[in-house]
Each structure stands twice: as C-alpha cells, then as structure tokens.
Amino acid sequence: PQYTRGTVTAFVPFDARADAEALRKAMKGIGTDEETVLTILATRNNAQRQEIASAFKTLFGRDLVDDLKSELTGKFETLMVSLMRPAYIFDAHALKHAIKGAGTNEKVLTEILASRTPAEVQNIKQVYQQEYEASLEDKITGETSGHFQRLLVVLLQANRDPDVGVDEALVEQDAQVLFRAGELKWGTDEEKFITILGTRSVSHLRRVFDKYMTISGFQIEETIDRETSGDLEKLLLAVVKCIRSVPAYFAETLYYSMKGAGTDDDTLIRVMVSRSEVDLLDIRREFRKNFAKSLYQMIQKDTSGDYRKALLLLCGGDDD
C-alpha cells in the first residue's frame, strides 16, 4: 500500500549530487559537521537517501555508509546508518540481527511479526531468503521454542483471513472458544489462542474482542496477562494490540522505550526509522491521546545532542 501517514516524505527540490557533495564536505578532514549530516539524512526519504549514496560513490569513489561509520559514533551513528538502510531490507536485517549468535532478541521478533501486514511478512521472507540465503522460518524455529515459537510460525505463514464481511455467528463462536480456553480452564489452552489470533481477519477479531468482553467481563488483554507469561504473553499482547490499532501499539512501544531510567535506544531508533514513512503521524496522535504528552516532548526530554536533533526531525513536529 502507498502509505501517506509518514512524517518523512520526498524532499523538494531534491539534488542528489549537491547532497552528496555537502555530506563529503561535512565529513572530510578533521572533525565532522554533524548538523549537516543529520539535516540532510533525516529530511530526505529512503529512496532519496539511496540516490545520494549512489551519487556519493560516483563522485568520490567512496561508500557513504562506511564514511558515516568511521566519522560518527554511538547512538547517533546507529541512527544515521539505520536511515541509510534500503527500506526493502530494513525488517529482514533487523530480524537477522535479532536471531544471530548468542541469545535471541525476542522483543524484535515480537514487534515486527505482530505488526506487519501479511503482504509485508511475505516480502520479508523473500528478502531474507535472497539476502541471507536462509529460510527465516528455519532460523526462527531453530532459536525459539514452545507456544511462542508456534505463534511466530503461524504469523510467518502470513495467511490471515482477508477482511471481507464479518460473520456474527463465527464471532460468537470464537469468543466462546477463547473464553473457555482462558478464563474457564485451569491452565490455558494456548493452541486456541494461537490459531484464532494468528489466522482470523482483523475486522473479525475486533468484533471477537468486543464479544469476549461482553461474555467474560474482561478485556482479552487482561486474560492473556493473567493466564500466560514470558515471551508468549508479550507476543499475544502485541498481536492483540496490533489488531486493535498498529499506531497505538507503536505509540506504546515508543513510550516504554523512553519511560523510566535509561532509554532502549535500539527500539527507539528501529521504530522511528521504520515508521517514519508509514504511519508516524498516526503514532504521534495516539501517543498524545494515551500518554498526556507528545512524542516530540518525550524525545526532547529523554535524548540529547545530535541524536536528539535527528530524532526530532524524524518526529516532524509537536502535537501540543
């Protein structure tokens, strides 16, 4: 789909050569003019950044990403390099790094596989296969286990029912099945949750959640919270939240990446970059509605320096 709810759009008038020359000048010699680097990279869209990289190589015979890596440091470097990653490979790359080496980053698997559309998931699988000559599903099954693994595999199939008309009888039936599997049983029948949450259409599930509330007196999130734990609980909750509203899910993800002591910069960077051309305007609206402050204000309070300047440019404005 053509997303139009991003904060970053094509920069006009755009001149890839002029941008490449400005970046080279900013990084050449002693010291780096970070302001120029961030102003250019955070205000061009991903397609334009790729053109700049190509002009940079043509003009100077140098790799722009290599230069950024050698001239910048820390979180600011991570953010600039993330902005330069071609959009089509962004998710596959994040997943590859989440399942490499010691320990798996379940948070990244959860965030990406719960929030992407079936078409996006199919695309991620293809890119992963082409770029890394490995099956994403095999990699994920090799590194995860139990019901958490099963729900990931269901989501990876990307076979969610299309959104065509809702059958009220099936809504009632699914809500009852979930109620019996969760609230009414000693131990939870996770299988039922996995199948229903992983395969039914979005509009169907939204009705199921309403019906579930009517039958049980609980939000489905409360039941999941009480009846499951660990990685499975986090994944089930992420799926439910994304069915309800993907922007609200990301608003919450951003909020918790900055709330409290310390910032989860990897999450902050990944979400800001990956949603900047998709739905960051919607995410900002949900953020303001749900957390009594704007995303802009929270970034301002929680980050500093060039890193902050670049994030605020990506954020694209305040909502107060």
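The values are calculated or read from the model by the stated rules, or taken from the named source; none is laboratory data. From a predicted model like this one, the values you see are computed outputs, not experimental measurements. Positions of Cβ are backbone-derived with ideal geometry, glycine not excepted, and every protein chain shown enters the neighbour counts. What goes into the accessible areas is simple: the full protein's heavy atoms, side chains included, and nothing from ligands, DNA or RNA. Shrake-Rupley method; radii C 1.70, N 1.55, O 1.52, S 1.80 Å.
Only Lys, Arg, Asp and Glu carry charge here, each on its Cβ (+1 for the first two, -1 for the last two); on that basis the chain has a dipole of about 420 debye about its Cα centre.
By the scheme Lys and Arg +1, Asp and Glu -1, what is the net charge of all other residues having a beta-carbon under 13 Å from that of Asp302?
Net charge around Asp302: +3.
Within the range 152-197, which chymotrypsin sites (Phe, Trp or Tyr not before Pro) sit in a loop by DSSP and count at most 13 neighbouring Cβ atoms inside 10 Å?
On the way: sites: Phe179, Trp186, Phe193; in loops: Trp186.
Those that pass, being in a loop and sparsely packed, are Trp186.
Using +1 on the beta carbon of Lys and Arg, -1 on that of Asp and Glu, and nothing else charged, what's the dipole of the range 16-84 about the Cα centre, debye to 20?
Details: 10 positive and 11 negative charges, 31 e Å.
In debye, rounded to 20, the range 16-84 gives about 140.
Among the listed pairs Lys57/Lys107; Lys28/Lys309; Lys69/Lys259; Lys107/Lys259; Lys192/Lys241; Lys28/Lys75, those with a Cα-Cα distance over 24 Å are Lys57/Lys107; Lys69/Lys259. Taking all Cα pairs closer than 8 Å and separated by 6 or more residues, the relative contact order of the chain comes to 22 percent.
Maximal additional length on extending the Asp318-Lys259 stretch stands at 19.4 nm, based on 0.36 nm per residue less the C-alpha distance.
Please work out the average accessible area per residue across the range 114-206, using the 1.4 Å probe convention, and give it in Å². Could you put the intermediate results ahead of the total?
Values: 4740 Å² over 93 residues.
I get 51 Å² per residue for the range 114-206.
For His97, the solvent-accessible surface computed with a 1.4 Å probe is close to 90 Å², ligands and nucleic acids excluded. Comparing Ala16, Ala92, Asn105 along the charge dipole axis of the chain, the residue lying farthest to the positive side is Ala16, per the Cβ-charge model. Of the residues Ile215, Gly182, Ser201, the one whose Cα sits farthest towards the positive end of the charge dipole of the range 168-244 is Ser201 (charges of +1 on Lys and Arg Cβ, -1 on Asp and Glu Cβ, taken about the Cα centre).
Going through (1) 150; (2) 348; (3) 213, the figure that equals volume of the Cα convex hull per residue in Å³ as computed for the structure here is (1). Note on the chain: with neighbouring protein chains present and a 1.4 Å probe, carbon and sulfur make up 49 percent of its accessible heavy-atom surface. Centroid-to-centroid, using Cα positions, the range 239-294 and the range 124-152 are 25 Å apart.
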